[in-house]
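Enquirer: This is the structure I have questions about; it appears just below.
The values are calculated or read from the model by the stated rules, or taken from the named source; none is laboratory data. What you see is a predicted model, and the numbers here were worked out from it, not measured in a lab. Note: ideal-geometry Cβ built from the backbone for every residue, glycine included; neighbour counts use all protein chains shown.
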Amino acid sequence: MNHIDLSSVLRQTVSCDLYSNLVTRPTGAAVRNQIERLLDDAHDRTLTVIDFSQVAMIDFSCADEVIAKLLISHEADDSPRDAYFLFRGVTDEHWEAIEAVLERRGLALVVERADGIHVVGTLGNEERRTWEAVRQLGRASQHELAERLDVSIAEAQHALDVLRRRRLVMRVADTYIVVGAHRGG
Amino acid sequence: MTTVVNVPPSLDDHTFDDVLRQLTTVPSDAKVLLDARHVRWASPFGLTALLTLAQTRTEMPALAVPELEETASYWARAGFFRYAEELYELHGSYPKRAGASDSNVLLEIMSVAKSEDVHDVVGRIQQKAQLMLRELSLDAKATVGFAMTLSEICQNIVEHAGRGGWVMVQTYRWTKRLGRRVVVIAVADAGVGFRQSLETSPGKDRGDRWDDAAALEDAVIRGVSRFRDPGRGQGLAGVRRYLGRWDGKLSVRSGTARIAIVPNWDDDVPLAEHLPPFPGAQVQVTIPERAPSAQPQPVSARTQR
């Protein structure tokens with residue numbers, strides 16, 4: 001598992017120790033590119049913790065460049081790698097901008113909070129229900145999920161495929177776990 | 001021949017139009033003298049717009065500075081003369097050094113031309129966060145949103161204007177109707193403006209009605225951007241959301257129109273058209289002091305899912 005401290009990436013990117021704010025599109029694009037470079041050094045399938053703990057604030061434009069575009073590029077069919085992201089240290093102050101870009105782009109992500117992991121952003125009721133069921137099961141096959149949700153196996157498989165494409169659950173052998181599940185929650 | 005333009009005693013986002021009206025028929029290469037000798041008060045909008053006005057003239061204009069020592073001193077503390085010396089032939093006496101900082105000036109005038117300038121602006125306003133909390137009874141969440149708002153508005157210059165502009169932040173008492181203190185952001189540039197910027201959008205359908213007012217409605221109300229990327233246009237949308245939560249006002253002037261998101265405490269018109277033309281874009285954000293009983297919309301009532 002990778003851990004990326006966004007404030008460190010920011011300082012490397014803007015070459016200035018004074019900046020602790022993720023603001024402006026050029027800064028966001030540079031930070032995202034640096035994250036992509038770090039991911040290039042990782043395995044084919046990776047779980048990366050994106051850590052906001054030391055970031056004072058993020059604005060809408062930067063959130064779009066760093067978070068939305070990172071998620072979009074890895075949701076795509078031609079994604080360069082099988083990468084998953086867990087967001088840590090996201091406070092109410094960060095959430096304002098993050099929420100706006102997730103809504104605008106129709107995206108969702110997994111955040112780690114003191115009380116466990118949560119999925120946030122734009123998610124349909126069935127998607128949310130499936131994600132919660134997988135989280136509660138801990139590690140679920142499509143058969144177990146179908147039984148839990150009282151749906152057909154094909155429907156359960158489809159729901160898992162959708163969440164996997166959205167980088168919200170990971171496939172491990174013949175089972176599925178929610179992103180960040182082993183971190184607690 | 002020099003054209004003399006009288007600057008109103010109270011210079012703000014509305015009275016600045018009186019200045020522009022006097023210039024409507026004056027060619028940009030004609031010599032003008034802005035007579036600000038009798039100015040007693042100027043808002044951040046007024047000061048940044050004066051700098052912007054000089055940028056629009058091909059012949060360097062002259063400016064007769066305020067005669068009132070208190071006013072000239074304030075303009076100096078706001079950082080006005082630091083930039084005006086390069087843009088105007090200044091007539092009259094004014095403090096060459098800014099002197100002690102003014103506690104009402106949260107951010108003295110700063111030039112904004114590149115991304116790094118926005119980092120500097122946001123960093124400086126964060127240093128004043130405690131002052132904002134104390135003066136305006138705002139909470140910490142409001143100051144973060146304020147910095148985000150400032151960042152997004154300044155980025156409009158970097159991304160769209162095509163030339164540098166200015167920003168200033170100040171607190172003062174809003175006597176008309178409100179009777180409370182406010183914090184005001186003014187950001188002004190003399191760049192391409194909203195209409196011309198949106199016209200560069202590929203496949204832009206201009207429709208039957210396409211003018212400065214329509215461009216402002218597209219950008220400010222509907223979040224339209226010249227970029228195809230659907231993630232664009234979020235900045236002003238986010239600013240509107242923030243202002244809605246804190247009962248703030250947004251006013252954007254570009255070309256011959258001004259659009260405003262007007263809260264109950266103000267009586268401005270939502271859309272003003274056929275104003276005297278002025279290049280670029282001039283944005284003003286006004287956040288009122290929190291009323292004793294006022295509560296912002298709680299986070300849980302928003303759309304967090």
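Enquirer: Mind checking whether some residue in region A:70-88 is out of contact with any Leu (no Cβ under 8 Å at 6 or more places or on another chain), without any contact (Cβ under 8 Å) to a residue 24 or more places away in the chain and within 12 Å of chain B (Cβ to nearest Cβ)?
Expert: So far as region A:70-88 goes, no, none of its residues is out of contact with any Leu (no Cβ under 8 Å at 6 or more places or on another chain), without any contact (Cβ under 8 Å) to a residue 24 or more places away in the chain and within 12 Å of chain B (Cβ to nearest Cβ).
Enquirer: Looking only at region A:121-174, filter to residues that are under 18 Å from A:I72 (Cα atoms) and assigned to a strand (DSSP E or B); which one of those is nearest to the other protein chains (Cβ to nearest Cβ)?
Expert: A:G121
Enquirer: Let me ask you something else. For residues in region A:37-69 being within 12 Å of chain B (Cβ to nearest Cβ) and in a strand (DSSP E or B), which is farthest from B:T143 (Cα to Cα)?
Expert: Going through the qualifying residues, I end up with A:I58.
Enquirer: I would also like to ask the following. Would region A:134-142 turn up any residue that is loosely packed, with under 15 Cβ neighbours inside 10 Å, assigned by TED's automatic domain parsing to the domain that holds A:P80 and either more than 30 Å from B:Q126 (Cα to Cα) or of a type in the set (A, V, I, L, M) (or both)?
Expert: No, that holds for no residue.
Enquirer: Same structure again: Is it true that A:I4 is hydrophobic (A, V, I, L, M, F, W, C) and buried (at least 20 other Cβ atoms within 10 Å of the Cβ)?
Expert: It is false that A:I4 is hydrophobic (A, V, I, L, M, F, W, C) and buried (at least 20 other Cβ atoms within 10 Å of the Cβ).
Enquirer: Among the listed residues B:V105, B:V65, identify the single one that is at pLDDT 85 or above and in contact with a helix residue (DSSP H, G or I) (Cβ under 8 Å, 6 or more places away or on another chain).
Expert: B:V65
Enquirer: Across region B:1-45, which residue is nearest to B:G92 (Cα to Cα) among those that are among the aliphatic types (A, V, I, L, M) and part of a helix (DSSP H, G or I)?
Expert: Among those residues, the one meeting the criterion is B:V19.
Enquirer: Say whether the condition of being more than 20 Å from A:L22 (Cα to Cα), free of Cβ contacts under 8 Å to residues at least 24 places away in the same chain, facing chain B (nearest Cβ under 10 Å) and not in a strand (DSSP E or B) is met by at least one residue in region A:105-119.
Expert: yes
Enquirer: Hey, does region A:45-68 have a residue that's surrounded by fewer than 24 Cβ atoms within 10 Å (Cβ to Cβ), hydroxyl-bearing (S, T, Y) and at positive phi?
Expert: Looking for residues that are surrounded by fewer than 24 Cβ atoms within 10 Å (Cβ to Cβ), hydroxyl-bearing (S, T, Y) and at positive phi, one finds none in region A:45-68, hence no.
Enquirer: Going by the conditions given, is A:A100 in contact (Cβ under 8 Å) with a residue 40 or more places away in the chain and in contact with a helix residue (DSSP H, G or I) (Cβ under 7 Å, 6 or more places away or on another chain)?
Expert: yes
Enquirer: Looking only at helices (runs of 4 or more DSSP H) that lie completely in region B:114-207, which have at least 1 residues being of a type in the set (S, T, Y) and closer than 21 Å to B:P44 by Cα?
Expert: Where helices (runs of 4 or more DSSP H) fall fully within region B:114-207 and carry at least 1 residues being of a type in the set (S, T, Y) and closer than 21 Å to B:P44 by Cα, they are B:140-156.
Enquirer: Turning to a different aspect of this structure: Looking at (1) over 22 Å from A:L38 (Cα atoms); (2) out of contact with any strand residue (DSSP E or B) (no Cβ under 8 Å at 6 or more places or on another chain), which is the one condition that is false for A:V134?
Expert: For A:V134, the exception is condition (2).
Enquirer: What are the residues in region A:37-68 that are over 21 Å from B:E159 (Cβ atoms), free of Cβ contacts under 8 Å to residues at least 40 places away in the same chain and in contact with a helix residue (DSSP H, G or I) (Cβ under 9 Å, 6 or more places away or on another chain), if any?
Expert: Answer for region A:37-68, where residues must be over 21 Å from B:E159 (Cβ atoms), free of Cβ contacts under 8 Å to residues at least 40 places away in the same chain and in contact with a helix residue (DSSP H, G or I) (Cβ under 9 Å, 6 or more places away or on another chain): A:L38, A:A56.
Enquirer: So how many residues does region B:148-183 have that are within 11 Å of chain A (Cβ to nearest Cβ) and either at pLDDT 90 or above or in contact with a Ser or Thr (Cβ under 7 Å, 6 or more places away or on another chain) (or both)?
Expert: Residues meeting the conditions: 9.
Enquirer: I need a count of the residues in region B:104-152 that are more than 17 Å from A:R25 (Cα to Cα) and hydroxyl-bearing (S, T, Y).
Expert: Total satisfying the criteria: 3.
Enquirer: Give region A:128-167 a look and list any residue that's more than 25 Å from A:P80 (Cα to Cα) and charged (D, E, K, R), or say none.
Expert: A:R128, A:R129, A:E132, A:R135, A:R139, A:E144, A:E147, A:R148, A:D150, A:E155
Enquirer: Still on this structure, I have one more. For region A:8-36, how many residues meet the condition of being at pLDDT 90 or above and either in a helix (DSSP H, G or I) or assigned by TED's automatic domain parsing to the domain that holds A:A181 (or both)?
Expert: Matching residues across region A:8-36 total 12.
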